[in-house]
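To keep things clear, I will list the structure first and then write my remarks on it.
The values are calculated or read from the model by the stated rules, or taken from the named source; none is laboratory data. Note that this is a predicted model, so its numbers are computed, not measured. Quick reminder, even Gly has a Cβ in these numbers, built from the backbone with ideal geometry, and neighbours come from all protein chains shown.
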Amino acid sequence: MTGKQPVTVIGLGPMGQAMVRTLLDGGHPVTVWNRTPDRADALVARGAVLAPSAAEAILASELTVLSLTDYEAVRTVLEPAAHALRGRVLVNLSSDTPEKTRAGARWVAEQGGIHLTGGVNVPPSGIGQPGSTAFYSGPREPFEAHRPTLDVLTGTDYRGEDPGLAALHYQLGMVMFWTSMLGYWQAIALADAHGLTAADVLPHATETLTGMGDFLSFYAGRIDAGEHGGDVDRLAMGVASAEHVLHTNADAGVDTALPAAVADIFRRGMDAGHAADSFSSLVELMKSPAAAAGARRQSQSQVSK
Ligand SMILES: NC(=O)c1ccc[n+]([C@@H]2O[C@H](COP(=O)([O-])OP(=O)(O)OC[C@H]3O[C@@H](n4cnc5c(N)ncnc54)[C@H](OP(=O)(O)O)[C@@H]3O)[C@@H](O)[C@H]2O)c1
């Protein structure tokens, strides 16, 4: 016996496996279950115990960490194990929408269990590493009770009682992550069309994306104040630039879906009357696309009169 809290981990994709390894390294007794049982082999060899069913895995520890693809997978796994949930604490690190996490938390509470939502901000290689974080939300008392064990996995950033909050903050990060990384893939495809490798582009790419923090800081205060003055940049310039990006990609014969979508958003901002404003005015278009579409229809009907 190690004296460390026993933990069950359900879901042994790359993330669940990294969590089990980290908990075992930290001296925690770990019970695991996975739909495809042989994913547990290497973990069992390191000391984890493979339970024969999800229900038995949940019954083995007061605390269960779920690391599944989404809440549909969570439902598939938990419904047959519903009888095991009473009095158990489920830390659900599977990602999904805030609405689905709220519905999942309600369902777990109806079975007599406690649901904490989590959103992990690092890849599997970041689990157990200093500086990594995960968002959490849900009932505060059980969260605080289990925080020392959760801290073994990542730093813990508690966002409030609403079970949807951790998912919301996680999705805020993911919308930026996926679109930024797609921008990077696009740049590499364009570079490749011109005989340049990802390694050739790396210093420029790193400098560009590292410098984004300064842009975020500059625009945050102005956006919150509803200020989109064209004193620093004008949307009309942005449209021309977005079109250059689109045509450079088209000329190179690479996929243009992403730069075309970007150019389209810029053009919609122009159509909504923001030509002389900063490109930060696109935030207003994104906040209420219906209002922007109305403004565009109005300006088109004035042009045709
Ligand atoms: N990987 C990352 O970089 C990363 C980073 C941050 C957050 N996350 C989030 O962490 C969670 C886990 O990530 P992951 O990369 O390990 O995900 P994953 O590769 O999708 O695997 C997750 C697990 O879900 C199980 N699963 C999927 N559908 C199922 C179903 N219908 N019934 C039963 N089990 C099912 C898989 O079982 P099988 O083994 O049987 O297929 C596997 O154990 C995800 O929600 C992901 O969004 C991942």
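A few notes on this one:
- Residue match in region 114-129 (condition: assigned to a loop (DSSP other than H, G, I, E, B) and either closer than 24 Å to Leu59 by Cβ or at pLDDT below 95 (or both)): no
- Residues being within 22 Å of Asp162 (Cα to Cα), in the same structural domain as Phe135 (by TED's automatic domain parsing), within 12 Å of the ligand (Cβ to nearest atom) and not in a helix (DSSP H, G or I) are entirely absent from region 20-37.
- When His146 is tested against (1) without any contact (Cβ under 8 Å) to a residue 60 or more places away in the chain; (2) away from the ligand (no atom under 16 Å from the Cβ), only condition (1) is not met.
- The residues of region 116-147 that are out of contact with any strand residue (DSSP E or B) (no Cβ under 6 Å at 6 or more places or on another chain), surrounded by fewer than 16 Cβ atoms within 10 Å (Cβ to Cβ) and within 22 Å of Arg21 (Cβ to Cβ), listed by number, are Pro123, Ser125, Gln129, Pro130, Gly131.
- Test: residue in region 78-97 that is of a type outside the set (Asp, Glu) and more than 21 Å from Val32 (Cα to Cα): yes
- Extreme residue, nearest to the chain's Cα centre (by Cα), among residues of region 86-97 that are under 18 Å from Ala145 (Cα atoms) and in a loop (DSSP other than H, G, I, E, B): Leu93
- Selection of region 70-88 for residues being over 13 Å from Ile10 (Cβ atoms) and away from the ligand (no atom under 11 Å from the Cβ) yields Ala82, His83, Arg86, Gly87.
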